[in-house]
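Trainee: My questions will all concern the structure given below.
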Amino acid sequence: MLEIRNLHARIAEDGTEIIRGLNLTVNKGEVAAIMGPNGSGKSTLSYVLAGREDYEVTEGDILYDGESILDLDPAERAAKGIFLAFQYPMEIPGVATMEFLKVAMNAQRKARGEEPLSIPDFLKRVKAASGDLSMDMAMLKRPLNVGFSGGEKKRAEILQMKLLEPKLCVLDETDSGLDIDALKIVADGVNALRSPDRAMVVITHYQRLLEYIVPDSVHVLYRGQVIKSGDKNLALELEENGYAGIIGEAA
């Protein structure tokens, strides 16, 4: 589903290269964990996949379902089923969470050639999905992410993911700022979306998240490149020994 070939990317404003020849393949049905020390390019990779304009691809390609997405803007990528859950979700004052969800869902449906959801059908879907995440419906009447705790923001993003049903989910440090109870709820929401037709890229610093979202593959990112790949046991090795040994092997 996702194939990244010799990707080079830099910050558009100052030209600082962050991704330096990255190669990665993620198949349908696969949950791939991306790990690495601070500054290795993990979040940059998620932004480049989503098409953020402040990052510039200078070489290589990103193939999604066999087609390059480099010329697509973020909205076009989202319409094709690519979803990014941010490490620090943005607050949008003046836009009720419920209204945001309705507009986003109907935009996706329009892109697929489907009719807009009726209000009763929309509410039914939102109530079911929010219940799965232990979210109070009253919270959805508030402006998106405004005044939300860290855990509430992450639940709101997983709620969006459940309702939009993307084909490629990119989760940028979803465990950041979560206590153990919120982590379990968010992980349960992610696990419920695992599907033979859906791929997930889970970016994290710690093995803790991967105890709840067990990956099919683990890839270590360092200085903008994947320097080692393995199965879930690689994450356990990193938890026990850190990155120094693997970085030394790759040097």
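Readers should treat all values here as calculations from the given coordinates under stated rules, not as data from a laboratory. Predicted, not measured: the structure shown is a model, and the values here were computed from it. Positions of Cβ are backbone-derived with ideal geometry, glycine not excepted, and every protein chain shown enters the neighbour counts.
Trainee: By how many nm would the segment from Val57 to Arg20 lengthen if fully extended, with 0.36 nm per residue of separation less the alpha-carbon distance?
Mentor: Extra length from Val57 to Arg20 when fully extended: 12.3 nm.
Trainee: Which whole-Hz ³J(HN,Hα) couplings does the range 144-153 yield from phi under the Karplus relation 6.51 cos²θ - 1.76 cosθ + 1.60, θ = phi - 60°, glycine and proline marked x?
Mentor: Each residue's phi maps through the Karplus curve to give 4, 6, 6, x, 6, 6, x, x, 5, 5 Hz.
Trainee: Rank Pro215, Pro166, Pro89 by mean-square fluctuation in a GNM of the chain with C-alpha springs under 10 angstrom and give only the top-ranked residue.
Mentor: Taking springs between Cα atoms under 10 Å, the residue moving most is Pro89.
Trainee: What aspartates and glutamates sit close enough to Lys127 to cross-link, taking a C-alpha to C-alpha distance under 20 Å and skipping anything fewer than 8 places away on the same chain?
Mentor: Counting by Cα, and skipping residues close in sequence, Lys127 has these aspartates and glutamates nearby: Glu99, Asp136, Glu152, Glu157, Glu165, Asp188.
Trainee: Same structure, new question: How high is the relative contact order of the chain, in percent, counting Cα pairs under 8 Å that sit 6 or more residues apart?
Mentor: Rounded, it is 28 percent for the chain.
Trainee: With only alpha-carbon atoms in the gyration tensor, what are the semi-axes of the equivalent ellipsoid for the range 2-250, in Å, largest first? If you can, show how the numbers build up before the last one.
Mentor: Details: eigenvalues 178, 91, 55 Å².
In descending order, the three semi-axes are 30, 21, 17 Å.
Trainee: Can you classify the range 90-200 as rounded, prolate or oblate using the Cα gyration tensor, where a ≥ b ≥ c are the square roots of its eigenvalues, rounded means a/c under 1.5, and otherwise it's prolate if a/b beats b/c and oblate if not?
Mentor: It comes out oblate by the Cα gyration axes.
Trainee: How many percent of DSSP beta bridges within the chain run antiparallel, rounded to 5?
Mentor: Working: 24 of 41 bridges.
Antiparallel bridges make up about 60 percent of those DSSP assigns within the chain.
Trainee: Which of the GluC sites (Glu not before Pro) found in the range 193-241 are loop residues per DSSP with 11 or fewer other Cβ atoms within 10 Å of their Cβ?
Mentor: Numbers: sites: Glu211, Glu237, Glu239, Glu240; in loops: Glu211.
Taking the range 193-241 and a limit of 11 other Cβ atoms within 10 Å, no loop GluC sites (Glu not before Pro) are found.
Trainee: Now, a different point. Could you go through the range 63-69 in sequence order and give the Karplus-derived ³J(HN,Hα) for each residue, using 6.51 cos²θ - 1.76 cosθ + 1.60 with θ = phi - 60°, rounded to whole Hz, and x for Gly and Pro?
Mentor: With coefficients 6.51, -1.76 and 1.60, one gets 9, 10, 6, x, 10, 5, 10 Hz.
Trainee: Amide H neighbours of Tyr222 under 5 Å, counting only residues 5+ apart in sequence or on other chains, H built in-plane at 1.01 Å?
Mentor: HN-HN under 5 Å from Tyr222: Ile227.
Trainee: Then there's this: Kindly express, to the nearest 10 degrees and within the range 0 to 90, the angle between helix 180-192's C-alpha long axis and the longest C-alpha principal axis of the chain.
Mentor: Result, in degrees: 90.
Trainee: Taking a cut-off of 30 Å between Cα atoms, list the lysines near Lys42, but don't count ones fewer than 8 places away on the same chain.
Mentor: In chain and number order, the partners are Lys28, Lys80, Lys153, Lys154, Lys162, Lys167, Lys184, Lys228, Lys232.
Trainee: Where is the GNM fluctuation largest for the chain (alpha-carbon springs, 10 angstrom cutoff): Ala12, Ala85, Ala104?
Mentor: Of the options given, Ala12 has the highest mean-square fluctuation.
Trainee: Once amide H atoms are built 1.01 Å from N in the peptide plane, which residues 5 or more positions from Ile18, or in another chain, come under 5 Å H to H?
Mentor: Placed amide hydrogens put Ala9, Arg10, Ile11 under 5 Å from Ile18.
Trainee: If you don't mind, another one. Restricting attention to the range 76-128, which GluC sites (Glu not before Pro) occupy a DSSP loop and are surrounded by at most 13 other Cβ atoms within 10 Å?
Mentor: Glu91, Glu114
Trainee: Quick check: the distance between the Cα centres of the range 70-91 and the range 141-201, to the nearest angstrom?
Mentor: Answer, in whole Å: 14.
Trainee: If one computes the Cα centroid of the range 8-37 and of the range 236-251, what distance in Å separates the two points?
Mentor: Taking the Cα centre of each part, the range 8-37 and the range 236-251 sit 19 Å apart.
Trainee: Then there is this: Considering only DSSP beta bridges with both partners in the range 157-251, what is the antiparallel share in %, to the nearest 5? Mind showing how you got there, number by number?
Mentor: On the way: 5 of 10 bridges.
Bridges in the range 157-251 are about 50 percent antiparallel.
Trainee: Given Pro116, Val226, Cys169, which one lies farthest toward the positive end of the charge dipole of the chain, if we put +1 on the Cβ of every Lys and Arg and -1 on the Cβ of every Asp and Glu?
Mentor: The Cα lying farthest towards the positive end belongs to Pro116.
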